[in-house]
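Heads up: the structure comes next, in structure tokens.
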Amino acid sequence: MPRERVLITVKTYPTLSRKYGETVCTAGVREDGSWVRIYPVPFRRLDEVEQYRKYDWIECDLVRHPKDPRPESQHPADVHQLVPVAHLDTADDWRERRRLLLGKCEVHTRLQPLIDGAKANRLSLAVFKPARITRFLWEEEEREWDPAKLAEMRNQADQGELFAEKAWRETFQVIPKLPYSFSYEFEDADGRKSKLQILDWEIGALFWTCMRRHGNDEPTALEKVRLKYEDQFLQTDLHFYLGTTQQFHFVGPNPWVIIGVLPIPHERQRELF
């Protein structure tokens, strides 16, 4: 199988898996605009030189994920291949990002075809342009990870199943659980109103950064997150990266969540493809 070249556009906030430990769902697009999901990726256990950023190109061998039926889902043959080889920046009015992500990828504006496509297992990743965003909001969640899942992970780690290197088993600390979930409420081109949760790693990282800067003052940290995702991003030509969850892909009334955002400045909205 030829090696794949993928532009990373999505890294979700880490979650816990009994089988895989702490994992990140990574997704991106090939040079022809087709989508690929790379899972599982033990991102924080990779060496520093192997850790890729959003909009890095990586080259790796991918195989069909044996337990994920979603059409774009692939499994890295070797996670240590996931090394960045180039970066797609915002130079020249975001020309190259626009060319690929808004030019070669299909940009959806209606949710119903996406919901129907998921149930028919035709797609599980997409670029989406909301017609109008009405609100950014957060809701309080459980503040700690499921103790049973943590215990099972630690048991597997002790047996060497999650961490191949002894040093990782001795030093690795599970990432803190986000105490809030964040969402956008919006309308699509049909006027359909929806509320979708944002699972992007960047929003979680922003929350923890603001907490550190403001002495663990949660109201202030939440307001800083709101300022970016509402006041700042709503001044841009905001697009969403959408993905379905494996649990609800076939059966959920709306299995889609926001796995990333693409905030293109309004003043740069001109034909660049």
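Every read-out reported here was derived from the displayed coordinates using simple, explicitly stated rules and does not represent laboratory data. On a predicted model such as this, the values are computed, not experimentally measured, just so you know. No Cβ is skipped: glycine too gets one built from the backbone with ideal geometry, and neighbour counts run over all protein chains shown.
Below are the figures for this structure:
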quantity	calculated
E31 versus R213: modelled label distance in nm, points set 7 Å from Cα along the beta carbon direction	3.8
R0 of 25 Å, Cβ-Cβ distance E139-T109: FRET efficiency to nearest 0.05	0.40
Theoretical FRET efficiency, 1/(1+(r/R0)^6), r = Cβ-Cβ of V79 and K149, R0 22 Å, to 0.05	0.55
Q197-R99 FRET efficiency (beta carbon distance; Förster radius 25 Å; 0.05 resolution)	0.25
The range 44-120: GluC sites (Glu not before Pro) in DSSP coil with no more than 15 other Cβ atoms inside 10 Å	E106
Full-stretch length increase - L227, D89 - with 0.36 nm per residue and alpha-carbon distance subtracted	47.3 nm
